[in-house]
Amino acid sequence: MSAIPPIKAAATLPAPPADKPTNLEQAAQSFEALLVGQMLKMVRESSQSGGLGESDSAGSSVYEMAEENLARELTRNGGLGLAKLIVRQLSPVQTGPSSVTAPSSHSEKA
């Protein structure tokens, strides 16, 4: 049997790109838009009243495109606030220089 190669330490991984927060924000907004779109689709499918041309596949496609666009616009303008929560939870914690102090190398005698 051949030996399994060792796992590289996390310290050797490349640093994330500087535009990572933008990617995170875009991903969070896309996720929220997807969720809102699914909610709109569920509402439409649960309604028993027939819609405008919903009986054929073209009418259904129009509804789906409208739901996607509405969900995207809602999310772009604040949406449910889910994207902001996702960004806040997945962003690294920013600590200022005053929040952590190094211990003094000499002791003070009074």
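The values are calculated or read from the model by the stated rules, or taken from the named source; none is laboratory data. On a predicted model such as this, the values are computed, not experimentally measured, just so you know. Cβ sites come from the backbone with ideal geometry, for glycine too, and all protein chains shown count toward neighbours.
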TODO: Examine segment 16-30 for a residue that is modelled with pLDDT under 75, exposed (fewer than 14 other Cβ atoms within 10 Å of the Cβ) and aliphatic (A, V, I, L, M), and state whether such a residue exists.
DONE: yes
TODO: Consider only pairs whose beta carbons are under 6 Å apart and that are at least six residues apart or on different chains; among these, list those whose first residue lies in segment 84-100 and is of a type in the set (Asp, Glu) and modelled with pLDDT under 60 and whose second residue is assigned to a loop (DSSP other than H, G, I, E, B) and loosely packed, with under 10 Cβ neighbours inside 10 Å.
DONE: none
